[in-house]
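K.L.:
One structure, as structure tokens, below. Some questions next.
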């Protein structure tokens with residue numbers, strides 16, 4: 001019976017979690033989802049952080065502010081972790097891993113507080129979290145408006161038919177109604193007009209062109225947002241990558257690896 005062999009890792013060496021997926025290309029759906037989430041998350045972050053910092057700073061004179069500031073800065077680290085996970089999941093941006101719990105073990109409150117204050121990533125995270133709200137407003141607005149405009153322009157023929165149907169139904173009840181999509185160009189009465197209906201199809205190529213522009217704009221904005229998150233939320237202390245010989249490998253896996261290497265030579 002074959003037994004698995006475990007190759008131990010040096011105790012003093014800190015091991016970094018394997019980088020999150022970077023080989024995958026970001027998708028438009030992921031970019032739009034990330035941009036739409038920017039505003040509600042940024043608003044929640046801003047309210048919590050500004051309230052915590054203001055309350056902590058205002059009560060420092062009676063020492064109550066110290067635990068409030070400490071909890072606030074810990075919340076900043078948690079928010080930064082959420083942002084790293086979102087950027088990794090939706091934009092496929094990779095981040096090093098840092099386990100704060102190992103460093104904080106056995107330390108007093110003041111030492112842990114001082115450690116948090118000395119960590120540069122704490123303050124870059126604070127700046128990022130505060131800037132998340134204005135950047136989120138811009139991202140949310142563009143991610144919401146541009147796709148809606150593109151879809152609306154592309155669906156002009158369908159809009160014409162729906163408006164015509166509504167006008168006909170209203171006319172049966174004695175209500176005369178007309179609709180205007182584009183003044184003096186696409187106007188809807190109570191009878192089907194093939195010329196006006198044909199004009200509405202001009203919106204199809206225009207809408208498709210707008211969609212490609214929208215797609216490029218939103219993907220570019222998401223890419224910039226991901227790079228900003230990578231630059232400001234990357235932990236200051238990075239963990240070393242494990243060496244290949246330190247990974248666990250069973251005899252079967254080792255044999256398969258050797259067979260693959262001999263086949264590729």
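K.L.:
Sorting 227, 83, 187 on the 10 Å Cβ count, fewest up front, what's the list?
P.N.:
With the fewest neighbours first, 227, 83, 187 line up as 227, 187, 83.
K.L.:
Extent of the stretch 28-240 along each principal axis, from alpha carbon coordinates, in Å, largest to smallest?
P.N.:
81, 41, 22
K.L.:
May I ask you to derive the FRET efficiency for residue 158 and residue 127 from their Cβ-Cβ distance with R0 = 45 Å, giving the value to the nearest 0.05?
P.N.:
E(calc), rounded to 0.05, equals 0.45.
K.L.:
Sequence gap at least 6, Cα distance under 8 Å: using those rules, report the relative contact order of the stretch 28-240 to the nearest whole percent.
P.N.:
Over the stretch 28-240, the number comes to 32 percent.
K.L.:
Could you line up 125, 115 from fewest to most neighbouring Cβ atoms inside 10 Å?
P.N.:
Result, fewest neighbours first: 115, 125.
K.L.:
Fewest Cβ neighbours within 10 Å first, please rank 110, 146 accordingly.
P.N.:
110, 146
Read-outs: derived from the displayed coordinates by stated rules, not from any lab. These figures come from a predicted structure and were not determined experimentally. Using ideal geometry, Cβ is built from the backbone for each residue, glycine included, and neighbour counts are taken over all protein chains shown.
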